[in-house]
């Protein structure tokens, strides 16, 4: 009987190995483990054995059945896996074919830089003010210490609409409007981004339309040192943490003292290169302490109030940051250009 | 302003370091545009022509033996004026002349030549002697082997300053010397003019009939000999960018450069009287200026007259009728100050900007008028054999009292944020040569006439720049304020982000356009705004709409084979007394496609409409309506365009370009939209964010297909359905539109209706009841027929 069991185990194992489908496997299972299987027959025969033999052979039968069950299970897994493998192989695609063209949009680089600068100033407690582009001579010039016939008006050749209205030449009239609107003379910390116009022929470095951002702080204690600290912060945020700044004397009618601000060259780190014309410094903006004539025109007592202002051209910042060689690219809207930002 | 370093050195005991000057000017005064050698040639040498004989094989060449100190060179020279015993300028082989012209040993017609005898033109300084016939011949005293540039005073460097409008003082060498002294903390010394005068009475009398001339001095000078100026004077003029002419003209220019005071010389024998009258010009008066042009004058111009006729356009240009010429013997030399605004206007109107008019425009030290005149007299005696006839005639309305400005230490520290010491400030004022008194910790500063100043802020600037901006500490404003974007600014960013998310590119186009473009896409055809002084016809009008600019962007990109153009822009548009901020966008080509999968449909009207609906959803605007335009814009397709409304108010339009417009630009299927941003901001701001719990119960869907007449719109069908059941109907979707060939003038519309309750599970029976009612109403109101 023992021999028969061993023989059956071998036969079952062979039969299982030969199964290639689940159905075949089920047939083999029925043959060896089903009700009419030979194992069952052997179990019937156990009755004829002695009481000592019964448990021993019974155990052997159970072990043989378990072994076969395990083999069947293993074969089943194998067949399932092969089936899935075949399916996966059949479903395999050429993943190198191109994906669907999902369009990706792009903000204009000037918008990006304006938003970047706005965010820096908002973090410093500034609010954003806007104003009209068609502006009165009064707000664009006269109240900014640029009376009619002032020679410095020539610095800003303008597009006139009537004798008294023009396209604003800077965003400074928004400062005037904000000073006037601030009737309680609360501390004022604002930035004014916007489109401005100068009567310049368009060429590589000039554009009759461009964008500016100006900042203005007026309170009882804003100092030149505060201006310098603010400028350094802006320079670092825009051009990198390692930047330094230097201030040079300049002249704007609406500020006194006035300065030009240079940032240490971010290409050569101040050593001198073609970008900074070997000086190690790049001019980025103009600034100064608000001229008392501007504050007085807006009704402020200059014994009490003082402040600073700064202004920069957005195109210049963009051109410097990304090495754009021609300002006209910024208004051409060649999508191959716009897509890079 | 071009500054000769040699000239500037003259005011100081020790020579200046030009490179250090550049650094100092940049950081403490004015931006330096450049520092260059006046003549940038190395290795020129003085030669003595020992002999010059005709070249055996060339008629026009001479073989010269030239002693250059350490050797004798054989040089072939083709100049007609070369001769033995001349002192000449020699460029030996190895020297490079302007234009990258390198001198090399060469054989000319068989004879060796070891260098070149130079003309001034070849050295790039022809202005030095405009009468030059060939090579330049130096004086007898020139020593062979020495540097000819040094001999001619041309061994100079030129410092060019970019001047700001507030530094008219630096339009003079003396002004530059004062600033140099302050920056370097050294002491300048200035020559006091010494005039030898004849004791005869000066017969000239000077009168004024205008407020526009503050001071006028006229000096009569006799016995003038017109000739060339000395080398040193010529070279300084050339260094300053002024062409030497003759001794009298050169001296007036030289004194102008030294003092910043323009002078003018009249030929006294051509003036018809002894009387000079300064007055405002009369309208329609005329003068022929030195350049031979007849100039029509206006009342705002100032003229110098001989009592009758104008003899000069004051401050701008002299009259041809009193011009100095080679035979002039008597000169009336003018030194005066005219109203800067008037001079500016006249020079601008007549396009006559000059060294002298620009100095009058920017302001002149009116206390140096006489001194400048005296210096010119001194030089004319020395270099034009002049005799000075008595004292100058004049009138002078300058207030002799000097202006003072007070500045307290408190104010200085409060403005700068730097704890200055009184001693620092005193030292700086001394360096600037500003006179001051002290009252406690307050400085009372007397403002020198050469540096006009208005307020203590100007003094602070002087103190800080001389002290150094690098000394100012770093801080940030201490007053606390709340920063942030307002609602409108946030909404604008949201809109931009929406379009970027939907695959659009943002553009920036010009506000100024052609007249034709400016008028387009404006339904009300409001008047456009024109620029009085445009640069070109292309940029003459302010636009009413962004769309024409977007179409140009499309054309530009199409020409470069960029086929899918999805662009948007937010910008102002301009109307009389009003600026409207608008959002415009344009779609053309394909979106979200995959060619190899056959997904390559061109976008259509419904894509455009979908973008608008999505934008409104993003902005939480729900109470809007869309309708076919009652009077479509002429450049839009009348059957494929619509308006967006909030209530009764039109917010904007959208649709396809008119086929004729498309054809004109060679375009196809261009969709555009333009909306007024203000209305979007306002409507978006009104929308509150609210919350409703989602239903716990399942919805029931029913599909419905009907035939209706072709002209019935989808909107009308949906309205009937919605009206029939307001409570349970959750949504209506159209999922098929089909034009059946067998049903004339009718279309089939298939709808999917979704019913939902928030308080119970719906039963099929009640939904079916609703469907029946809907079918009845559709039949009744739209004559719809159920498709079986």
Of those in segment A:256-283 that are touching a helix residue (DSSP H, G or I) at 6+ places or on another chain (Cβ under 7 Å), surrounded by 19 or more Cβ atoms within 10 Å (Cβ to Cβ) and away from chain B (no Cβ under 12 Å), the residue farthest from residue A:241 (Cα to Cα) is A:282
Do we find that residue B:443 is part of a loop (DSSP other than H, G, I, E, B) and more than 30 Å from residue B:215 (Cα to Cα) in this structure? no
Residues satisfying the stated conditions in segment B:574-600, i.e. in a loop (DSSP other than H, G, I, E, B), more than 9 Å from chain A (Cβ to nearest Cβ), closer than 25 Å to residue B:640 by Cβ and at pLDDT 85 or above: B:589
Exactly one of B:608, B:616 is surrounded by 15 or more Cβ atoms within 10 Å (Cβ to Cβ), at pLDDT 95 or above, more than 19 Å from residue B:551 (Cβ to Cβ) and more than 40 Å from the chain's Cα centre (by Cα), and that residue is B:616
Does at least one position in segment A:193-208 carry a residue that is more than 30 Å from residue A:329 (Cβ to Cβ), in contact with a helix residue (DSSP H, G or I) (Cβ under 8 Å, 6 or more places away or on another chain) and either surrounded by fewer than 19 Cβ atoms within 10 Å (Cβ to Cβ) or at the interface with chain B (Cβ under 10 Å from one of its Cβ atoms) (or both)? no
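Considering B:528, B:509, B:491, B:514, which residue is surrounded by 14 or more Cβ atoms within 10 Å (Cβ to Cβ) and more than 22 Å from residue B:665 (Cβ to Cβ)?
B:491
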Filter result for residue B:498 (out of contact with any strand residue (DSSP E or B) (no Cβ under 8 Å at 6 or more places or on another chain), within 30 Å of residue A:117 (Cβ to Cβ), at pLDDT 95 or above and more than 7 Å from every other protein chain (Cβ to nearest Cβ)): yes
Among the residues of segment B:697-718, which ones are closer than 26 Å to residue B:761 by Cα and either without any contact (Cβ under 8 Å) to a residue 40 or more places away in the chain or assigned to a strand (DSSP E or B) (or both)? B:700, B:701, B:702, B:703, B:704, B:705, B:718
Does residue B:328 satisfy the condition of being assigned to a loop (DSSP other than H, G, I, E, B) and surrounded by fewer than 17 Cβ atoms within 10 Å (Cβ to Cβ)? no
Which one is nearest to the chain's Cα centre (by Cα) among residues in segment A:133-152 that are crowded, with 19+ Cβ neighbours inside 10 Å and within 11 Å of another protein chain (Cβ to nearest Cβ)? A:133
List, please: which pairs have Cβ atoms under 9 Å, are six or more places apart or on different chains, and start with a residue in segment A:283-294 that is free of Cβ contacts under 8 Å to residues at least 24 places away in the same chain and end with one that is buried (at least 24 other Cβ atoms within 10 Å of the Cβ)? A:283/A:261; A:283/A:263
Assess whether residue B:364 counts as being crowded, with 20+ Cβ neighbours inside 10 Å, at pLDDT below 95 and more than 29 Å from residue A:151 (Cα to Cα). no
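Being more than 14 Å from chain A (Cβ to nearest Cβ) and under 24 Å from residue B:294 (Cβ atoms), is that true of even one residue in segment B:355-362? So that I can check it myself, show each step before the final result.
Taking segment B:355-362 as the starting set, the residues that turn out to be more than 14 Å from chain A (Cβ to nearest Cβ) are B:355-356.
Next cut, under 24 Å from residue B:294 (Cβ atoms) only: B:355-356.
Yes; the residues of segment B:355-362 include at least one that is more than 14 Å from chain A (Cβ to nearest Cβ) and under 24 Å from residue B:294 (Cβ atoms).
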Residue by residue through segment B:531-564, note down the ones that are buried (at least 19 other Cβ atoms within 10 Å of the Cβ), within 7 Å of chain A (Cβ to nearest Cβ) and either closer than 18 Å to residue A:106 by Cα or touching a residue at least 40 places away in the same chain (Cβ under 8 Å) (or both). B:553, B:557
For segment B:124-137, which positions are surrounded by 14 or more Cβ atoms within 10 Å (Cβ to Cβ) and closer than 15 Å to residue B:79 by Cα? B:132, B:134, B:135, B:136, B:137
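Mind telling me which of the residues B:107, B:150 ends up being more than 26 Å from residue B:236 (Cα to Cα) and not in a loop (DSSP other than H, G, I, E, B)? Spell out the reasoning first.
Working: B:150 fails: more than 26 Å from residue B:236 (Cα to Cα).
When all the criteria are applied, what remains is B:107.
Each row is one residue, and each column tells you yes or no for (1) within 14 Å of another protein chain (Cβ to nearest Cβ); (2) in a loop (DSSP other than H, G, I, E, B); (3) in contact with a strand residue (DSSP E or B) (Cβ under 9 Å, 6 or more places away or on another chain); (4) modelled with pLDDT of 95 or more.
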residue	(1), (2), (3), (4)
B:127	no, no, no, no
B:133	no, yes, no, no
B:141	no, yes, yes, no
B:144	no, yes, yes, no
B:170	yes, no, yes, yes
B:177	no, no, no, yes
B:190	no, yes, no, yes
Would you confirm, using the coordinates I've provided, whether residue B:419 is part of a loop (DSSP other than H, G, I, E, B) and not assigned by TED's automatic domain parsing to the domain that holds residue B:373? yes
Here's a check for you: in segment A:74-114, which residue that is assigned to a helix (DSSP H, G or I) and within 7 Å of chain B (Cβ to nearest Cβ) is nearest to residue A:317 (Cα to Cα)? A:110
Among the residues of segment A:218-226, are any without any contact (Cβ under 8 Å) to a residue 40 or more places away in the chain, in a helix (DSSP H, G or I) and facing chain B (nearest Cβ under 7 Å)? yes
In segment B:669-692, which residues are touching a residue at least 40 places away in the same chain (Cβ under 8 Å) and more than 15 Å from residue B:547 (Cβ to Cβ)? B:669, B:678, B:680, B:681, B:683, B:684, B:685, B:687, B:689
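The values are calculated or read from the model by the stated rules, or taken from the named source; none is laboratory data. Because the structure is predicted, anything quoted here is derived from the model rather than measured. For neighbour counting, all protein chains shown are included, and Cβ atoms are generated from backbone atoms with ideal geometry for every residue, glycine included.
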